[in-house]
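Working notes, structure below.
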Amino acid sequence: LADAVAGPGLTRSAAAVRLAAAAVPDGALWIVGCAPTALVELVELAEAGELRPALVVGLPVGFVGAAESKQRLRSSGLPALSNVGEKGGSAAAAGAVNALARLAARERRR
């Protein structure tokens, strides 16, 4: 986020996703727990073929754009974990990833 520069119609969070997309290989796990604009940018980049995530955990929080950005993710066809509504946040996203990691570890032990 420190290197991201906002511009007309582009928030710093969305600009940061663009920078990350250029640096992250295909098949990465993408986690968005705060900015709805970051999640929308991620979906748009994926739809344009500029990134190919293995999974997107999209749980931004807020009354402005959060529910809509999560709906956009769920409608995108990307492998995704999300919820419905304006609740979420970085703690919820971290908890979801932690739960997925625990499930994966349990499956490996079987």
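To the nearest 10 square angstrom, how much accessible area does residue 19 have with a 1.4 angstrom probe?
Residue 19 exposes around 90 Å² with every protein chain in place.
How are the alpha carbon pair distances in the chain distributed across 10 Å bins from zero to the largest one, expressed in percent?
Spelled out bin by bin, the chain gives 15, 46, 32, 6, 1, 0 percent.
Would you mind pulling out the separation of the Cα centroids of segment 53-67 and segment 1-51, in Å?
About 12 Å separates the Cα centre of segment 53-67 from the one of segment 1-51.
Given a 1.4 Å probe and every protein chain left where it sits, what share in percent of the accessible area of segment 1-77 is carbon and sulfur?
60
Under the 0.36 nm per residue contour assumption, what length would be gained going from the current alpha-carbon distance of residue 22 and residue 54 to full extension?
The span from residue 22 to residue 54 would gain 9.9 nm if fully extended.
Can you tally the net charge around residue 45? Count Lys and Arg as +1, Asp and Glu as -1, for every other residue whose Cβ sits under 11 Å from the Cβ of residue 45.
Once positives and negatives cancel, what remains is -2.
Could you point to the residue in 97, 42, 54 farthest towards the positive end of the chain's charge dipole, with +1 and -1 charges on the Cβ of Lys/Arg and Asp/Glu respectively?
Of 97, 42, 54, it is 97.
Looking at the chain, do any whole DSSP H helices span at least 20 angstrom along their long axis by alpha carbon and average 0.0 or above on Kyte-Doolittle, and which?
90-109
Given R₀ = 22 Å, what would the calculated FRET efficiency be for residue 104 paired with residue 68, taking r from the Cβ atoms and rounding to 0.05?
0.15
Please figure out what share of the DSSP beta bridges in the chain is antiparallel and state it in percent, rounded to the nearest 5.
Around 10 percent antiparallel, to the nearest 5.
The values are calculated or read from the model by the stated rules, or taken from the named source; none is laboratory data. A quick note: this is a predicted structure, and the numbers were derived from the prediction, not measured. Positions of Cβ are generated from backbone atoms using ideal geometry, with glycine treated the same way; all protein chains shown enter the neighbour counts. Note: accessible area is taken over every heavy atom of the protein model, side chains too, but ligands, DNA and RNA are not part of it. Shrake-Rupley method; radii C 1.70, N 1.55, O 1.52, S 1.80 Å.
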